[in-house]
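Everything below concerns the one structure shown next.
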Amino acid sequence: MSTPFLEAVALACERDWRLLFDKLDLRLESGEMLQISGPNGSGKTSLLRLLCGLMQPTAGEVLLKGQSLNAQRGELARNLLWIGHAAGIKGLLTAEENLTWLCALHQPTNREAIWHALAEVGLRGFEDVPCHTLSAGQQRRVGLARLYLAPPPLWILDEPFTALDKHGVAQLERHLAAHCEQGGLVVLTTHHSLTEKPAGYRELDLGQRAA
Amino acid sequence: MSSVFTLLLARETRLLFRRPAELANPLVFFAIVIALFPLAVGPETQLLQTISPGLVWVAALLAVLLSLDGLFRSDFEDGSLEQWVVSPHPLALLVLAKVLAHWAFSGLALVLLAPLLGLMLGLPIGTIPVLLISLLLGTPILSLLGAVGAALTVGLKRGGLLLALLILPLYIPVLILGSGALQAALQGLPAVGHLLWLASLTALAVTLTPFAIAAGLKISVGE
Amino acid sequence: MNWTWFHKLGSPKWFYEISGRWLPWLAWAAVLLVSVGVIWGLAFAPEDYQQGNSFRIIYIHVPAAFLAQSIYVMLALAGVVGLVWKMKLADVALQQAAPIGAWMTFIALLTGAVWGKPTWGAWWVWDARLTSMLILLFLYFGIIALGQAISNRDSASKACAVLAIVGVVNIPIIKYSVEWWNTLHQPATFKVTEKPAMPVEMWLPLLVMVIGFYCFFTVVLLMRMRLEVLRRESRASWVKNEVKALVGNNS
């Protein structure tokens, strides 16, 4: 058996005296997509944050390419694109300024690429407008434009479909599936059921696990 | 790596200048606190001059502290901090850039405003250089130490008073050395000793506190 | 080197068992040492040639002040252990020791003030030691307040650990700057605790008291930690059995 890209071993998470999940094992290979579902408060976001190394598990550990996450933060950072519930978009900055900085944190990119990515997510003409004047869906699109900018292989996305319109949802689904087909790995939470599923699609229901 | 440092400096500067009122608030607070004292203790020049070293420093300390309350709050709420933590760059370096940008505009403005208020309190012209240098060396320490508290309390709904409680005791050496320098200058004594001590504390703060700030932010983000 | 003992130390169950065995011995030692020290110090130690009987308050003041300072250092050490080795028990120790440290600081301040009345003629003087003690009390308040404010238990302990470490780096700086400030403003005050030579009959009971106070602190800390361990591990089966046995004994 080969070492999986990302692996969770006997993961447990406890928040405020409440055990969200326990003895959770996960093996994620390249080309797979994992949808984490479950009712509110079942620990979906916590699981994503554990996989990103933002939170420390109560028990168990997360392995990246067979080695503990804490031992290789740099390796994780080079491979990971994390878009949380809040995507790190500053309302006072324009879409272009926001993306320039978010990309610079990982891999600097040029202006053409950013404009191109913004056009991809349907924000042509909004490049130099302060983000607080954009609608919630448009702000979400600014964050998601990072998925079109030479992204790393592992995407961990918390509720990426929130506030998107029907067209935006379909486009994002296609983009996620395409990323998996090309050997990427997507972990996401969402309440909505995906129509575009890649070959390596799986679902983990945290609500059913507990029950 | 250094390019990220300068980029972050530029970004923070841009953010500060898009909301200039927030830059001005600590300065106005500083001026008001200083104006309160002549009203409270009376306008006798001699008395004001004697208490002015302590007065200027306590006011500066409170002004810096108040300006720091929101230092990381918006970054915390909009998810920027998470992006910093998962980035390949050392978090300590990023926070150093952030605090430096904050100090360069709020702390430095305070330093430049201080001589004016000092003169209004009756400080002789000869002591103004010491006032300037002591504040120039002391305010970065105030910003850095305060940022540790701001990082630890950023996840809390009402962190303001708690921040003061955590950080004010740690400010005491700076207060003693800074006002001591000014007092020495006022009595015509050399203030170099105080200033050198302040300088070494600044060096210590610049090297050590970014790690504490980074640790604090990781804890707050990981909650 | 074999590190298993270190990891064993981190196991709550092991801690609960071993501390239960030590506790009675430590408690008896504390009672014995403190009563011997009090009687010896208050009744039999000779009078001070300058201060008369009022000096006898050092038998409370000095041990409390010692303890106040060492508890803060202990907090920082526990913080390092908790942050670096992720040992849960260190977190428990940190949070449970902080209030004891604050009380000791308060006792040291109070006895210092009471001592100040006959010595300086005022309840409070801005003496370097008393001022440093006051600042230490504020530092303790900060740690306690931060621990109470953060609702997530693990984050609270980690945050307190960082604050304690920053504080312990600052304490020497605060101490020296306050001493310096004091010499600048009040030259040549009468320093009570810096007696060059204290006769053996005076410092021996003091030593007994200091050791007694440390034992007392250990007892209180262990009791508080045991309670907290039970609370934290309330899901574990050994805790359920233990609590059942405790409640059964009482009813």
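Across segment C:233-246, rounded Karplus estimates of 3J(HN,Hα) from the backbone phi angles (6.51 cos²θ - 1.76 cosθ + 1.60, θ = phi - 60°) give 9, 4, 7, 6, 5, 5, 5, 4, 4, 4, 5, 4, 4, 5 Hz, Gly and Pro being marked x. When only the Cβ of Lys, Arg, Asp and Glu is charged (+1, +1, -1, -1), the dipole of the protein assembly as shown relative to its Cα centre reaches about 900 debye.
Can you give the FRET efficiency to the nearest 0.05 for residue C:36 and residue A:165, using r as the Cβ-Cβ distance and R₀ = 51 Å? Could the numbers behind the result be given before it?
Numbers: r = 81 Å, r/R0 = 1.59.
Step by step, r from the Cβ atoms, then E = 0.05.
Annotation: lysines with alpha-carbon distance below 19 angstrom to residue C:244 (same-chain offsets under eight excluded): C:13. Label-to-label distance, residue C:235 versus residue B:47, with points set 7 angstrom from Cα along the beta-carbon direction: 6.4 nm. For residue B:156, the amide hydrogen comes within under 5 Å of no other amide hydrogen, counting only partners 5 or more places away or on other chains and with H modelled in the peptide plane. Peptide B:148-159 has a mean of 3 when you count, residue by residue, the C-beta atoms of other protein chains within 10 Å of its C-beta. Taking trypsin sites (Lys or Arg not before Pro) as exposed when DSSP calls them loop and at most 14 other C-beta atoms lie within 10 angstrom, chain B has its longest site-free stretch at B:1-156. Taking the charge dipole of the protein assembly as shown about its Cα centre, with +1 at Lys and Arg Cβ atoms and -1 at Asp and Glu Cβ atoms, the residue from B:136, C:90, A:171 reaching farthest to the positive side is C:90. Think of the protein assembly as shown as having a plus end and a minus end, set by charges on the Cβ of Lys, Arg, Asp and Glu; of A:6, C:120, C:217, C:217 sits farthest toward the positive end of this dipole. Computing FRET efficiency as 1/(1 + (r/R0)^6) for residue B:157 and residue A:132, where r is the C-beta to C-beta distance and R0 is 35 Å, gives about 0.95. Note that segment B:211-223 has calculated 3J(HN,Hα) couplings of 5, 5, 4, 4, 4, x, 5, 4, 5, 5, 6, x, 5 Hz, one per residue in order, obtained from phi through the Karplus relation 6.51 cos²θ - 1.76 cosθ + 1.60 (θ = phi - 60°); glycine and proline are x. For residue B:218, the lysines whose Cα comes closer than 22 Å to its Cα, not counting residues fewer than 8 places off in the same chain, are A:44, A:90, B:98, B:157, C:86, C:88, C:158.
With a/c under 1.5 counting as rounded, go ahead and sort the protein assembly as shown into rounded, prolate or oblate using the C-alpha gyration tensor (a ≥ b ≥ c being the square roots of the eigenvalues; past the cut-off, prolate if a/b is larger than b/c, else oblate).
oblate
About the Cα centre of segment C:65-234, what is the dipole size in debye to 20, counting +1 per Lys and Arg Cβ and -1 per Asp and Glu Cβ, all else neutral? Please list the in-between numbers first.
Working: 13 positive and 8 negative charges, 66 e Å.
My answer is approximately 320 debye.
Computed from phi, the 3J(HN,Hα) profile of segment B:153-166 under the Karplus parametrisation 6.51, -1.76, 1.60 (θ = phi - 60°) reads 9, 5, x, 8, 5, 10, x, x, 5, 4, 4, 4, 4, 6 Hz, with x in place of Gly and Pro. When the charge dipole of the protein assembly as shown is built from unit charges on Cβ atoms (+1 for Lys and Arg, -1 for Asp and Glu) and taken about the Cα centre, the candidate among B:30, B:86, A:139 whose Cα reaches farthest toward its positive end is B:86.
We did not get these values from a lab; they are worked out from the coordinates using the rules stated. For clarity, every value in this text was computed on a predicted model and none was experimentally measured. Please note: Cβ atoms are built from the backbone with ideal geometry, for glycine as well, and neighbour counts cover all protein chains shown.
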